[in-house]
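Colleague: Provided herewith is a single structure, encoded as C-alpha cells, for subsequent inquiry.
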Amino acid sequence: MKLSRIIFLLLAVILTSVIYWLDHSVQSKGLMSHQPKELGIFEFDFESSWSVSSGLVVHLLILFGALGLFIHGMKTMSEGIQKAASSQLRHILTNITSNKWNGIFTGLLTTFMVQSSSATTVLVVSFVNNGILSLKQSVGIIMGANIGTTVTGWLIAIFGFVAPIGDYSLILFLIAIAFLFSNKGRIKSWGETFAGLALLFMALELLKAGIPDEIINSSHFDFLQEVSGVGVWSVVLALIIGAVVTIVVQSSTAALLITILLCERAIIPYELGLGMVLGGNIGTTITSNIAAIPGNVHAKRAAMAHLLFNIIGAIWMVFVFRWFIVGIDGVVTNVFGLENPRTSGISRAVGLALFHTAFNVINVVVTVWLLDQIVAWVVRLVPKKQGDDEVFHLDYIKAGVLATPELSIIEAKKEVAKFGQITSKMLGFFSKLLVESDKNKKKYYYDKIAKYEEITDRVEVEISNYLAKAAENELSEDTSRRVRGMLAIINDLERIGDIFYHMSLTLNRKEGEKIWFSPEQRKNLIHMIGLVDEAFTIMINNLKADYKTVSFSSALNKENEVNSFRDFLRTEHFENIERQEYNVKSGIFYSDLFYSLEKVGDHIMNVTEAIVGDNVAGELNASQQ
C-alpha cells in the first residue's frame, strides 16, 4: 500500500474519533434537550437534531460519508486480498477447464477471494475475447461469481448486527497499521486487507448510528407499506428499485448494505427489502456490460449472458416469492434460533443475507442445465458482424487496469501473445506478395502490410501505457521484472512490423523499376521465409507459455539456422555478382530483403531473451559447452 493510502486511512480514523469526541462533549455539557443514552464507541445521539431546521443536511452528508467510507473499506479489503493471494489467483484463472461445474467453482472461489463479483465479471469479459475462455465457460464462471458475492451479505448481517464488532475495529486497524509498515509484501497486503475490514466495520457503526430510531415511527414512510407485498407487481416494483439503487451507487455490496440497514431499522418493509436484493442482482450486471462496450462480439455476449442469467432468476422468483420467503422465515427462526423477521431487526438482516444466498444458489442449480440454451440465446441476441469481427481490438486490456498488478500482468501477457501473432501474419502477407503476379492481389497485400504496420504502432503504445499504469501500483520484484520484459518484447514486435513494411516498399520499388528476381533468388528468399516462420512459431509458443518454463535452446538453435543461411546467401550473392549472373540492381533488392529477414529473426530472438530474462546467461553458457 502506498504512503498516501496509509495517510488517508489514518485521517479517516482520526476524523471518526473527532466526530465522536465532539458529540460526546456536546452531551456532557448538557446541550442536548434530552437525557443522553449510553453510547458505544461509534454510536451518536443524532435523534434530537433530526430535522431540517437543526441540521438534517449535515446528518445526510454524514450518512453519505459513512457509505463512502464503507465502499472504500470494501475496495481496500478487496485489493489487499488480491495482492496477498495473487499467486493462487493466477493459478485459478489460468487453469480453467471446459467442465461447467469447474467453471462455477472457479467463479465462486475467485469472487470469494477478491470479495468483488464486479472484478470477476470484468475478468471474464476480457478472457472470452479470442482467449482462454469460451462463451460457455464464461457463463459458468459468472454463475459461480453470483454465489461468491453473497459472502459479503453475511459479513454485514453477522458482524454488523448479530454480533457487532464495530467497537473493536480500531484495534483491528492498529494491527493493520503494524502490518502495513512491514518490509514483506505479503504481510503488507494482509495489513491492507485488515485496514479495509476495519474501515468497513467503522462505516457500519456510523451508518447504524446515523439513522435515528424515532424515524421508524414517522408517517413519511407509510406509503411504502402500501406498495410493498408479495404480489407479482409489488415484487417487480421492489426489483426495479433495487436495480436502480445498485446502478446509481455502482456497487452491489453498497446497495445490499443500504437495503439491510433500512430493513433492519424497519424504515422499509421486509418484503420490499427482499425484492430490492433481487433487483440488485440485475443492477450489478451493468459493470460487466460497461466493460464489454469497447470489446468485440465475444465480450458483449459474455456481458449479455450475465444479464440474461440474472433476469431468468428474477422471473421465476417473482412467481414463487410468496412461498420462498415463508421458507426463509422458517430457516431464520427454526435453524438460526432467531425471532420472526417481521418482529426483529436482527432477524430481518439475517433473512436478507439468507435470501441473497439461497436465491443465487438455487438459481445456479436451476439454470446450469439451461447453459447451452442460454449460450444459444445470447448468440442470437448479439449477432456477429460481417467480415473480421474487430480482429484488431485489444482483447484483454481494453477494460482498463485491474485493481491488482498481478491480474493486470496476466491480461497484458495474453495481449502481448496476441501482438506476436499479429506480427507473424505480416510474414504471411509478405510471402504471398513475393510470389503473386496479379496486380489486384498485390495491392491487397501491400495494403494489408501497411495496415498491420499501423496496428503494431498503436498496439505497442496502448500496451506500454497499460503497463505503465499497472506499474503505478506497488509491484513485487518478480512483477517488476516481468513488466520490464514485456516492454522490451513489445518494442521488438513493433520493430518487426516496421521491417516488414519497409520490405514491402522495397518490393514495390523493385516492381516500379521493372526489375525481376531470378528463380534461384526467389527460391532462396522463400526458404529464408520458411526459417523465419519456424522462428515465429517458437516465439508465439513461448509468449503463450508460462514464462518460467520457457527454454532458450530451441529459439537459439533456430536463430543460428537463420544466421547460417544468411551467411550462405551473402557469400553466394557476392560470388554471383562477380560472375554477373544477375542484374546488380536486382542483387541490391535481393540482399536488402534477406538481410531484413535476418533482422526479423534477431528481433524474434530478442523476444525469447526478454521472456527468459535471468535464465538467458545460464542457458547460453550451457549451449556453448
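The values are calculated or read from the model by the stated rules, or taken from the named source; none is laboratory data. All figures in this text were calculated on a predicted structure; none of them were measured in a lab. Note that we place each Cβ from the backbone using ideal geometry, even for glycine, and neighbour counts take in every protein chain shown. Heavy atoms of the whole protein, side chains included, go into the accessibility calculation; ligands, DNA and RNA do not. Shrake-Rupley method; radii C 1.70, N 1.55, O 1.52, S 1.80 Å.
Colleague: From the list T608, T537, which one is open to solvent by 20 Å² or more (accessible area, probe 1.4 Å) and either part of a helix (DSSP H, G or I) or modelled with pLDDT of 80 or more (or both)?
Modeller: Every option except T537 fails the conditions.
Colleague: Here is a further query. Is it the case that segment 434-455 has a residue that's closer than 20 Å to E494 by Cβ, surrounded by 14 or more Cβ atoms within 10 Å (Cβ to Cβ), at pLDDT below 90 and β-branched (V, I, T)?
Modeller: Yes, the conditions are met somewhere in segment 434-455.
Colleague: Another question about this same structure. Kindly establish whether I496 is surrounded by fewer than 22 Cβ atoms within 10 Å (Cβ to Cβ), in a helix (DSSP H, G or I), among the β-branched types (V, I, T) and on the phi < 0 side of the Ramachandran plot. Talk me through it step by step, then tell me what you get.
Modeller: Numbers: surrounded by fewer than 22 Cβ atoms within 10 Å (Cβ to Cβ): no; in a helix (DSSP H, G or I): yes; among the β-branched types (V, I, T): yes; on the phi < 0 side of the Ramachandran plot: yes.
In short, no.
Table: residues versus (1) part of a helix (DSSP H, G or I); (2) open to solvent by less than 20 Å² (accessible area, probe 1.4 Å); (3) farther than 29 Å from K136 by Cβ.
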| residue | (1), (2), (3) |
| --- | --- |
| V245 | yes, no, yes |
| I258 | yes, no, yes |
| L272 | yes, yes, yes |
| G279 | yes, yes, no |
| T333 | yes, no, yes |
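Colleague: What number of residues within segment 311-321 are in contact with a helix residue (DSSP H, G or I) (Cβ under 9 Å, 6 or more places away or on another chain) and open to solvent by 20 Å² or more (accessible area, probe 1.4 Å)?
Modeller: 4
Colleague: Then there is this: Can you tell me which residues in segment 545-569 are open to solvent by 40 Å² or more (accessible area, probe 1.4 Å), closer than 23 Å to L593 by Cβ and polar (S, T, N, Q)?
Modeller: Listed by number, the residues that qualify are N560, S564.
Colleague: Cβ-Cβ distance below 8 Å, separation of 6 or more or different chains: which pairs start in segment 457-473 with a residue that is within 14 Å of E415 (Cβ to Cβ) and end on one that is among the aliphatic types (A, V, I, L, M) and open to solvent by 40 Å² or more (accessible area, probe 1.4 Å)?
Modeller: S464/L487; Y466/V401; L467/L487; K469/V401; A470/V401
Colleague: Say whether the condition of being at pLDDT 90 or above, in a helix (DSSP H, G or I), more than 30 Å from K469 (Cβ to Cβ) and not β-branched (V, I, T) is met by at least one residue in segment 411-421.
Modeller: Checked segment 411-421: no residue is at pLDDT 90 or above, in a helix (DSSP H, G or I), more than 30 Å from K469 (Cβ to Cβ) and not β-branched (V, I, T).
Colleague: Give me the residue from segment 260-270 that is on the phi < 0 side of the Ramachandran plot and of a type outside the set (D, E, K, R) and, out of that set, surrounded by the fewest Cβ atoms within 10 Å (Cβ to Cβ).
Modeller: Within segment 260-270, the subset on the phi < 0 side of the Ramachandran plot is 260-265, 267-270.
Adding the requirement that they be of a type outside the set (D, E, K, R) leaves 260-263, 267-270.
Values: I260: 28, L261: 25, L262: 19, C263: 24, I267: 17, I268: 23, P269: 22, Y270: 22.
Within segment 260-270, the match that is surrounded by the fewest Cβ atoms within 10 Å (Cβ to Cβ) is I267.
Colleague: Sticking with this structure for a sec: All but one of (1) farther than 15 Å from V416 by Cβ; (2) open to solvent by 10 Å² or more (accessible area, probe 1.4 Å); (3) hydrophobic (A, V, I, L, M, F, W, C) hold for A468; which doesn't?
Modeller: Status for A468: all satisfied but (1).
Colleague: Considering segment 241-261 alone, what residues qualify as being touching a residue at least 40 places away in the same chain (Cβ under 8 Å) and of a type outside the set (S, T, Y)?
Modeller: Just the residues of segment 241-261 that are touching a residue at least 40 places away in the same chain (Cβ under 8 Å), to begin with: 242-243, 246, 249, 251-254, 256-261.
Across segment 241-261, the qualifying residues are G242, A243, V249, A254, L256, L257, I258, I260, L261.
Colleague: Say whether the condition of being in contact with a His (Cβ under 6 Å, 6 or more places away or on another chain), modelled with pLDDT of 85 or more and in a helix (DSSP H, G or I) is met by at least one residue in segment 510-532.
Modeller: No, segment 510-532 has no match at all.
Colleague: Something else now. Applying the selection to segment 158-188, what residues are open to solvent by 10 Å² or more (accessible area, probe 1.4 Å), touching a Lys or Arg at 6+ places or on another chain (Cβ under 7 Å) and either under 28 Å from G345 (Cα atoms) or in contact (Cβ under 8 Å) with a residue 12 or more places away in the chain (or both)?
Modeller: Answer for segment 158-188, where residues must be open to solvent by 10 Å² or more (accessible area, probe 1.4 Å), touching a Lys or Arg at 6+ places or on another chain (Cβ under 7 Å) and either under 28 Å from G345 (Cα atoms) or in contact (Cβ under 8 Å) with a residue 12 or more places away in the chain (or both): just F179.
Colleague: Something else: I'd like the residue in segment 242-269 that is closer than 14 Å to H356 by Cβ and hydroxyl-bearing (S, T, Y) and, out of all such residues, is modelled with the highest pLDDT.
Modeller: That would be T259.
Colleague: Please find, within segment 579-605, the residue that is modelled with the highest pLDDT out of those that are open to solvent by less than 50 Å² (accessible area, probe 1.4 Å) and among the hydroxyl-bearing types (S, T, Y).
Modeller: In this case the residue turns out to be S596.
Colleague: Right, another one. I'd like to check something: does segment 335-346 contain any residue that is open to solvent by less than 70 Å² (accessible area, probe 1.4 Å), at pLDDT below 90 and in a helix (DSSP H, G or I)? First the steps, then the outcome.
Modeller: Our first condition is that a residue be open to solvent by less than 70 Å² (accessible area, probe 1.4 Å); within segment 335-346, this holds for 337-338, 340-341, 344-346.
In the following step, the residues that additionally are at pLDDT below 90 were identified as 337-338, 340-341, 344-346.
Keeping just the survivors that are in a helix (DSSP H, G or I) gives 345-346.
Yes: segment 335-346 contains one or more residues that are open to solvent by less than 70 Å² (accessible area, probe 1.4 Å), at pLDDT below 90 and in a helix (DSSP H, G or I).
Colleague: Quick one: which helices (runs of 4 or more DSSP H) sit completely within segment 131-206 and have at least 1 residues that are basic (K, R)?
Modeller: Per the criteria, 135-148.
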